[in-house]
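Before any comments, here is the structure.
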Amino acid sequence: VKVVALAGGIGAGKFLRGLVGVIGERNVTVVGNTGDDIEMHGLHVSPDLDSVTYWLAGVMDRERGWGRRDETFRATRELARFDVDAAWFSLGDLDLATHLFRTRALAAGQSLSDVTSRIAAGFAVGVRLVPMSDDRVTTRVVVEDGEGGEVDLHFQEYWVRRGAHDRIVRIVFDGAPDARPAPGILQAVDDADAVVVCPSNPVVSIGPILAVPGIGDAIAAKRPAVVGVSPIVAGAPLAGMADRVMPAAGLEVSALGAAEAHRAILGAWVIDEADRDLASKIEEGVGVRVGVTESVMHDDAAAAALAHVALSMLE
Ligand code: FO1
């Protein structure tokens with residue numbers, strides 16, 4: 001089977017290791033979120049694309065979730081010596097090589113798609129990894145300033161610099177209306193036997209991908225072949241910050257709320273045993289087939305079992 005997977009960061013990385021274990025790398029096209037991308041010290045950082053690459057290459061830090069194993073942060077610490085404020089986003093010494101390579105190639109006129117494939121190839125990752133767009137789309141989080149006004153933050157400023165403490169007014173995918181899907185995405189969706197929505201944040205990881213004009217419609221056209229895995233188990237995210245941003249998007253923090261976020265595209269939805277009680281409510285309310293299984297991915301075997309269940313939901 002040929003599968004297109006929509007991916008954010010950590011949850012997607014874990015799940016994709018399982019998926020490639022089941023169907024093989026060559027059958028998978030991963031469309032990665034670039035709304036979190038940030039220009040830092042003149043370097044182009046693509047956290048979600050890098051998470052997918054590092055997880056699939058097996059060089060990830062399983063505990064931290066993002067970044068590389070055996071990483072050191074000496075350069076960032078040296079930067080803090082001069083200016084603590086400049087060092088709020090920790091770039092690891094190994095990770096820096098990825099950003100240096102990407103930035104240099106982009107400056108030389110290569111597209112983000114081309115650079116992303118070259119980085120994946122550098123780690124001998126065999127899936128086709130594609131950014132959602134070669135055009136710049138940036139997730140902005142507009143928050144209350146506490147004095148009746150608003151502050152417009154880059155997603156990473158909201159999450160990493162300010163610790164996701166601010167009250168969110170709205171989330172905006174800046175640039176999305178004018179962005180084009182990266183080359184090959186629409187064709188890959190068209191050719192796919194299945195589209196899988198990884199267990200990623202529905203609002204800030206999958207949301208930006210579906211906000212690129214054309215991608216959502218192409219996927220919605222294959223609805224019976226679209227299956228998602230809930231990133232929310234027992235009312236809490238397995239990783240990340242879905243509980244902070246889902247309410248801001250009017251969604252309940254539950255396997256039901258996450259399914260509702262993808263209502264326009266889903267044919268089937270996989271939830272955890274802990275949420276079995278929600279199955280019929282989701283089936284009726286969202287109009288999808290629901291599968292129930294152990295969805296916490298403690299290791300690759302658990303991720304493969306989950307991927308197997310997801311694929312078996314498709315007709
Ligand atoms: N997350 C943090 O909590 N603190 C950091 O300093 C940080 C640095 C960082 C550098 C490169 C990278 O690829 C990811 C990084 N992340 C960091 C993770 C990132 O902020 C988010 O987890 C993702 O954007 C969400 O998918």
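The values are calculated or read from the model by the stated rules, or taken from the named source; none is laboratory data. Just so you know, these numbers come straight off a predicted model, no measurement behind them. Every residue, glycine as well, gets a Cβ built from its backbone with ideal geometry; the counts of neighbours run over all protein chains shown. These area figures cover heavy atoms from the full protein model, side chains too; ligands, DNA and RNA do not enter into them. Shrake-Rupley method; radii C 1.70, N 1.55, O 1.52, S 1.80 Å.
Of all residues in the range 74-95, those that are open to solvent by less than 30 Å² (accessible area, probe 1.4 Å) have Cβ atoms under 9 Å from Cβ atoms of residues that are in a loop (DSSP other than H, G, I, E, B) and away from the ligand (no atom under 12 Å from the Cβ), 6 or more apart or on another chain, in 92/72. For the range 21-34, indicate whether the set of residues that are over 24 Å from residue 202 (Cβ atoms) and either within 13 Å of the ligand (Cβ to nearest atom) or in a strand (DSSP E or B) (or both) is non-empty. Looking through the range 21-34, none of the residues is over 24 Å from residue 202 (Cβ atoms) and either within 13 Å of the ligand (Cβ to nearest atom) or in a strand (DSSP E or B) (or both).
There is no residue in the range 159-168 that is within 22 Å of residue 45 (Cα to Cα), modelled with pLDDT of 95 or more, more than 16 Å from the ligand (Cβ to nearest atom) and open to solvent by 30 Å² or more (accessible area, probe 1.4 Å).
Is it the case that the range 106-117 has a residue that's within 21 Å of the chain's Cα centre (by Cα) and among the aliphatic types (A, V, I, L, M)? Yes. Residues of the range 293-308 that are part of a helix (DSSP H, G or I) and either open to solvent by less than 30 Å² (accessible area, probe 1.4 Å) or hydrophobic (A, V, I, L, M, F, W, C) (or both): 301, 302, 303, 304, 305, 306, 307.
Residue by residue, here is whether (1) over 24 Å from residue 192 (Cα atoms); (2) acidic (Asp, Glu); (3) part of a helix (DSSP H, G or I) holds:
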position	(1), (2), (3)
224	no, no, yes
240	yes, no, no
274	yes, no, yes
291	no, no, no
310	no, no, yes
314	no, no, no
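Residue 172 passes every criterion in (1) in contact with a Ser or Thr (Cβ under 8 Å, 6 or more places away or on another chain); (2) β-branched (Val, Ile, Thr); (3) surrounded by 18 or more Cβ atoms within 10 Å (Cβ to Cβ) apart from (3).
Name the one entry in 118, 64, 136 that is open to solvent by 50 Å² or more (accessible area, probe 1.4 Å), under 23 Å from residue 209 (Cβ atoms) and part of a loop (DSSP other than H, G, I, E, B). So that I can check it myself, show each step before the final result.
Working: 118 fails: part of a loop (DSSP other than H, G, I, E, B); 64 fails: under 23 Å from residue 209 (Cβ atoms).
From the options 118, 64, 136, the qualifying one is 136.
Taking the range 186-200 as the range and being of a type in the set (A, V, I, L, M) and part of a helix (DSSP H, G or I) as the test, the residues that pass are 186, 188, 189. Scanning the range 72-108 for residues that are in a loop (DSSP other than H, G, I, E, B) and within 10 Å of the ligand (Cβ to nearest atom) returns 73, 88, 89, 90, 91, 92.
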